[in-house]
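Novice: First, the structure itself, so that you have it in front of you.
Read the figures in this text as sums done on the coordinates, not as results from a lab. All of these numbers come straight from a predicted model, not from anything done at the bench. We place every Cβ from the backbone using ideal geometry, glycine too, and count neighbours over all the protein chains shown.
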Amino acid sequence: MAKFLKVSFPENCIGCELCVAETQRQMQKVGLDGALIRVFKDRKDNSDVIVFSIELDPRVNSIDIEKIIEICPTKVFTVEDKEDENGLTG
Ligand code: SF4
């Protein structure tokens, strides 16, 4: 079964972008060009409360996702076992 990175606790995100840095390190890329994880900052209900949202490119699952889970200081991510896209297991 394939393993997938999942944003399980987005409300925990503090916007540190360590997850972005780790994916770029693994991809041997500098800057945000072609980033597989993006972190967006927003205001909750137009108030002063800052919230973050995390967008994953499906290709992120081809790199070491355990490392991404480990590097996040607030445990936003979990790993999920799933059937692959054509419905086959294993
Ligand atoms: S490492 Fe975790 S807390 Fe930091 S930006 Fe990524 S998801 Fe948010």
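Novice: At 0.36 nm per residue, and after removing the present C-alpha to C-alpha distance, how many nm does the segment from Gln28 to Thr78 gain when stretched out fully?
Specialist: 15.7 nm
Novice: Provide the packing ranking of 2-8, 24-30, i.e. peptides ordered by the mean count of other C-beta atoms within 10 Å per residue, highest first.
Specialist: 2-8, 24-30
Novice: For the stretch 44-50, just list the computed ³J(HN,Hα) in residue order, Karplus coefficients 6.51, -1.76 and 1.60, θ = phi - 60°, integers in Hz, with x standing in for Gly and Pro.
Specialist: 6, 6, 6, 8, 8, 6, 8
Novice: List the aspartates and glutamates whose alpha-carbon lies under 19 Å from that of Lys67, not counting same-chain residues fewer than 8 positions away?
Specialist: Reachable aspartates and glutamates: Glu17, Glu22, Glu55, Asp57, Glu80, Asp81.
Novice: Then there's this: Test of understanding: what is the full-extension gain from Lys3 to Lys41, defined as 0.36 nm times their sequence separation minus their Cα-Cα distance?
Specialist: 10.9 nm
Novice: Counting Lys and Arg as +1 and Asp and Glu as -1, each charge on the Cβ, what is the dipole of the chain about the Cα centre in debye, to the nearest 20?
Specialist: My answer is approximately 220 debye.
Novice: Further, regarding this structure: Under 5 Å between amide H atoms, partner at least 5 residues away or on a different chain: which partners does Val51 have, H built in plane at 1.01 Å?
Specialist: Excluding prolines and chain starts, which carry no amide H, the hits are Asp42, Arg43, Lys44.
Novice: May I pose another question? For the chain, take N as its residue count and report Rg(C-alpha) divided by 2.2 N^0.38 Å.
Specialist: Dividing the Cα radius of gyration by 2.2 N^0.38 Å gives 1.16.
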